[in-house]
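Shown next, in structure tokens, is the structure this report addresses.
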Amino acid sequence: MKRSEVLQEVRKMRFEESYEGWKERRLTQEEAAMLLGVCDRTFRRYLMRYEDNGMEGLADKRLEQISHRRAPVDEVMALSDLYSNRFRGFNVKHFYSWYRRDNQGSRSYTWVKNTLQQKGLVPKSAIKGTHRKKRTRATYAGMMLHQDGSLHQWIAGKYWDLIVTMDDVSSEHYSMFFVEEEVTHKQLPVEKSCY
């Protein structure tokens, strides 16, 4: 049973409980609606549909409809046969380029990938790790300092970089100052010296 069908059955069972409580005057409409997680107006709509058609009136009609965009079975079979017979071992990206170019395929890459995975022809890739892994902070104050600058219009018409130096452990700010432009190396004037 699909998740959506299970949720629909759970909603029907909850409605029966709240409906009985409302009928026996143990619950107000607002309380019964809150029990279902809907507003009282939606609960009244459920009541009308239930009194007209019984439990079938509460069924979500969207679950019964078949999408007009759904691929025909013969197209799905043709795709899996094509991959199995001519392109077995190709990754989905390479297969998709052949599918579009030589076989005039009109479906999206995601549809092709999902269809091949559902048929068991292509394995699902492992979930990749998080992009930014949380780093543990330094153990002692002063052990690691961060320095960064941000350009901003601090005064109307004047753009400056604010350079901030802060401690990794406590996020304490050691220094903040404005500069015209953030640079990593500043050429200092060279004094002439005699040896």
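FYI, it's all coordinate maths here, none of it is from the lab. Bear in mind that the values here come from a model prediction, so they are computed numbers and not experimental data. Every residue, glycine as well, gets a Cβ built from its backbone with ideal geometry; the counts of neighbours run over all protein chains shown.
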**Message:** Net charge within 12 Å of G54 by Cβ-Cβ distance, Lys/Arg positive one each and Asp/Glu negative one each, not counting G54 itself?
**Reply:** -2
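Structure shown: which of K133/K158; K113/K134; K12/K119; K2/K124 lie over 30 Å apart, alpha-carbon to alpha-carbon? Kindly include the intermediate steps, with their values, before the conclusion.
Numbers: K133/K158 37 Å; K113/K134 32 Å; K12/K119 34 Å; K2/K124 20 Å.
Cα-Cα > 30 Å for K133/K158; K113/K134; K12/K119; rest within.
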**Prompt:** Mind checking which of Q29, Q117, Q153 has the largest fluctuation in a GNM of the chain, springs on alpha carbons under 10 Å?
**Reply:** Q153
**Asked** Which shape class, rounded, prolate or oblate, goes with region 73-178 when its Cα gyration tensor gives a ≥ b ≥ c as root eigenvalues, a/c under 1.5 marks rounded, and past that a/b bigger than b/c marks prolate?
**Response** prolate
**Listed residues V122, V38, V112, most fluctuating in the chain (Gaussian network, C-alpha, under 10 Å)** = V38
**Asked** Going by how many other Cβ atoms sit within 10 Å of their own, how do I155, I127 line up, fewest first?
**Response** I127, I155
**Request:** Rank K158, K113, K128 by mean-square fluctuation in a GNM of the chain with C-alpha springs under 10 angstrom and give only the top-ranked residue.
**Result:** K158
**Request:** Take the alpha-carbon centre of region 109-128, take the same for region 84-98, and report the distance between them in whole Å.
**Result:** 12 Å
**Asked** What distance in nm separates the simple spin-label points at I127 and K23, each placed 7 Å from Cα in the Cβ direction?
**Response** 4.3 nm
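If you take every residue apart from L162 with its C-beta less than 14 Å away from the C-beta of L162, what net charge results, scoring Lys and Arg +1 and Asp and Glu -1?
On the way: positive: K158; negative: D148, D161, E180, E181, E182.
Charge balance near L162 sits at -4.
Could you please report the charge total around H173, scoring K, R as +1 and D, E as -1 over all other residues with beta-carbon less than 14 angstrom from its beta-carbon?
Numbers: positive: none; negative: D148, D167, D168, E172.
Cβ neighbours under 14 Å give a net charge of -4.
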